[in-house]
Amino acid sequence: QNETSVTEFILLGFSSNPTLRLCLFGLFSVLYSATLMGNTLVFVLICLDYRLHNPMYFFLCHLSIVDICYASNNVPHMLRNLLGQGRTISFAGCGTQIHLYLIFAITECVLLAVMSYDRYVAICHPLRYALIMSRRVCLTLATVSWAFGFVFGTLQASLALHLPFCGPCEIDHYFCEILAVLRLACTDTTANKILIFAVCVCFLLFPLALILISYLHILSTILPIHSASGWHKTFSTCGSHLTVVSLFYGNAIFVYMWPGSSNSSGREKVLALFYSLISPSLNPLIYSLRNNQVKEALLKLQMRKRVFHS
């Protein structure tokens, strides 16, 4: 009887201190710009340079797309909020934000596992790499990653948004994060939380286990190698991937699966920044732009521009 028809939510965002908000706006604007430019550059380089037309860079291309979309779903509204211009968000807008956020998060979870499998095949079965990671297999794995994201993201978002909501409609977050929205529901949300936990087991713990198994096999394969160049080449790609995995999975597991982690909204906001803004901005740098092949492709692109302008 006390339920009201909610038409909009209020995002509390970060600090109410104007000076701190302005500093955060500058910092997050730089990180968001780095995310867009870095991932777009990686995408363009992979598309233009035929030497990068192999499975590893094919999946990197998809990761760049996910990171651009992932950050663009949350950050622009957060920047408006920091300027005091975007605290309110419509119910439909909030639902769209939750839906897209879940789609891109789950897709990235699966993509990172697929990329570890690609590295496993490349290092442990190099002679059969072209056969195992054929174009058809790569397309299938990429399609499955996006399909899992769409199906399970849609399922969770639809169940959450069909709950009854009451006032006050203040979301203690900088975007419509699903756990923060569930706290405003006027009914028991145990079933929703159980579903979130089950999805986390499937798309966080299970892919992480596959990644660790892949790297254990890789480690057992490279240990007998006595060549310093072979070790360096292996760790340059695998080390970058493990860094990305640690940033993304570590923070997501702590937020969604660690007991009592949702009790601190401030800590939850900071951790959410890592996998929604900081990780996407660092991915091109730690995973792609420090790779020699990508550097060569970048130099080649710069030479083309000079020739064109001259």
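The values are calculated or read from the model by the stated rules, or taken from the named source; none is laboratory data. Just so it is clear, the structure is predicted and the values come from calculations on it, not from any experiment. Please note: Cβ atoms are built from the backbone with ideal geometry, for glycine as well, and neighbour counts cover all protein chains shown. Surface accessibility is based on the protein's heavy atoms, side chains included, excluding ligands, DNA and RNA. Shrake-Rupley method; radii C 1.70, N 1.55, O 1.52, S 1.80 Å.
How large, in Å, is the chain by the Kirkwood hydrodynamic radius built from its alpha-carbon pairs? Before the final figure, lay out the partial values.
Values: mean 1/r = 0.0478 Å⁻¹.
Evaluated over the chain, this radius sits at 20.9 Å.
Between Val151 and Met257, the modelled labels are 2.0 nm apart [label points 7 Å from Cα along Cα→Cβ].
Computed from label points 7 Å out along Cα-Cβ, the spacing between Leu285 and Thr187 is 4.6 nm.
Using a 1.4 angstrom probe on the protein heavy atoms only, line up Leu159, Leu223, Leu52 by accessible area, largest first. Please list the in-between numbers first.
On the way: Leu159 80, Leu223 100, Leu52 0 Å².
Ranking Leu159, Leu223, Leu52 by accessible area, largest first, yields Leu223, Leu159, Leu52.
Using a probe of 1.4 Å on the protein chains alone, the accessible area found for Leu210 is around 80 Å². Which listed residue (Ser214, Ile286, Gly93) has the Cα farthest towards the positive end of the charge dipole for the stretch 8-308, taking +1 on Lys and Arg C-beta and -1 on Asp and Glu C-beta about the Cα centre? Among Ser214, Ile286, Gly93, the one farthest towards the positive end of the dipole of the stretch 8-308 is Ile286.
At 222 nm, what value in deg cm²/dmol follows for the chain if DSSP H runs of at least 4 each add -39500 (n - 2.57) and the sum is divided by all its residues, to the nearest 500? Write down the numbers at each step before the final one.
Numbers: 12 runs with 219 residues, N = 310.
Rounded to the nearest 500, it is -24000 deg cm²/dmol.
Amide hydrogen proximity for Val6: with H placed 1.01 Å from N in the peptide plane, the residues at 5 or more positions away or on another chain lying under 5 Å are Phe165.
At 30 angstrom or more along the helix axis (alpha-carbon based) and mean Kyte-Doolittle of 0.5 or higher, what helices does the chain contain? Whole DSSP H runs only.
Working: long enough: 18-48 (44 Å, 1.71); 55-82 (40 Å, 0.59); 91-124 (50 Å, 1.26); 135-161 (39 Å, 1.18); 228-257 (40 Å, 0.58).
Helix filter hits for the chain: 18-48, 55-82, 91-124, 135-161, 228-257.
For Lys295, the accessible area of its heavy atoms, probed at 1.4 Å with every protein chain present, is near 100 square angstrom. Between the amide H of Leu11 and those of Thr88, Ile89, Ile171, distances stay under 5 Å, these residues lying 5 or more places away or on another chain, with hydrogens modeled in the peptide plane. Normalising the average separation of contacting C-alpha pairs (under 8 angstrom, six or more residues apart) by the number of residues puts the relative contact order of the chain at 27 percent. Running Debye on the stretch 74-222 with equal point scatterers at the Cα sites and no solvent, what base-10 log of I(q)/I(0) appears at q = 0.10, 0.13, 0.20 Å⁻¹? For the requested q values the scattering log ratios are -0.48, -0.71, -1.17. Here Asp188 sits with roughly 110 square angstrom of accessible surface, probe radius 1.4 Å. Electrostatic bookkeeping for Asn39 treats Lys and Arg as +1 and Asp and Glu as -1; over the other residues with beta carbon under 13 Å from its beta carbon, the sum is -2. Taking the chain as a Gaussian network, Cα atoms linked when under 10 Å apart, which of Leu60, Leu22, Leu112 shows the biggest mean-square fluctuation? Of the options given, Leu22 has the highest mean-square fluctuation. Within the straight-line cut-off of under 12 Å between alpha carbons, the aspartates and glutamates reachable from Lys295 are Asp49, sequence neighbours fewer than 8 places apart in one chain being disregarded. In the stretch 46-140, the alpha-carbon atoms span a convex hull of 118 Å³ per residue.
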